[in-house]
Amino acid sequence: MDDKTVRIITTGGTFDKLYDAVKGELIFRESQLPRILNQARVTLPVHLDSLLAVDSLVMTEEQRSLIIRNAMSSHERMVVVIHGTDTMVNTAKLLKECLGDDDGHVFVFTGAMIPYALEDSDAVFNLGCAISAVQMLPPGVYITMGGRIYDADNVRKNRDKGIFEALAKEE
């Protein structure tokens with residue numbers, strides 16, 4: 001297993017959406033990740049895998065299974081998954097359920113509440129947190145949003161507040 005390279009799997013979500021002025025809506029074109037990684041001057045070896053470009057609210061179970069198969073078959077030990085925030089927890093929990101006890105991967109899911117292409121986006125910050133977290137955490141499945149790291153089993157998106165939060169009080 002490759003311990004030096006980070007695999008980043010993009011699946012769409014708000015993170016990669018662009019504003020189409022003609023249609024007046026947010027759409028997908030190409031992933032913003034290469035531009036973000038260059039802008040952030042990431043020096044870590046990265047394998048970018050543009051798997052899907054779908055809003056997680058319309059993600060099918062087949063697409064969710066594709067993400068999980070792709071992540072689990074990664075030759076890289078450190079895997080960051082860019083995912084839509086609305087169903088990120090669902091996919092992360094499903095991945096955790098599929099892992100064997102001896103799996104050595106570190107999976108960190110992240111996304112954005114505001115697209116990278118728009119002002120005041122949290123995309124770059126969340127990606128930076130995910131890249132740092134994936135290097136530091138023990139094997140498992142995690143979500144990082146808003147500067148916090150959560151175990152996939154202990155997090156939810158609070159839609160009213162627009163944040164992610166722990167389910168149980170953290171010690």
| said: Could you sort the peptides 88-96, 74-82, 42-50 by per-residue average Cβ neighbour count (10 Å cutoff), highest mean leading? | reply: 74-82, 88-96, 42-50
| message | At a 10 angstrom cut-off on C-beta neighbours, averaged per residue, how do the peptides 161-168, 130-137 rank from highest to lowest? | response | 130-137, 161-168
| task | State the number of lysine pairs found in the chain whose Cα atoms come within less than 29 Å, restricting to pairs 8 or more positions apart or on distinct chains. | result | 16
| task | Restricting to the chain, compute how many DSSP beta bridges are antiparallel as a %, nearest 5. | result | 35
| What is the projected area of the convex hull of the Cα atoms of the chain, averaged over all directions, in nm²? | 10.2
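Here, each number is a calculation from the coordinates, and none is a lab measurement. Since we're looking at a predicted model, the values are computed, not measured. Note: ideal-geometry Cβ built from the backbone for every residue, glycine included; neighbour counts use all protein chains shown.
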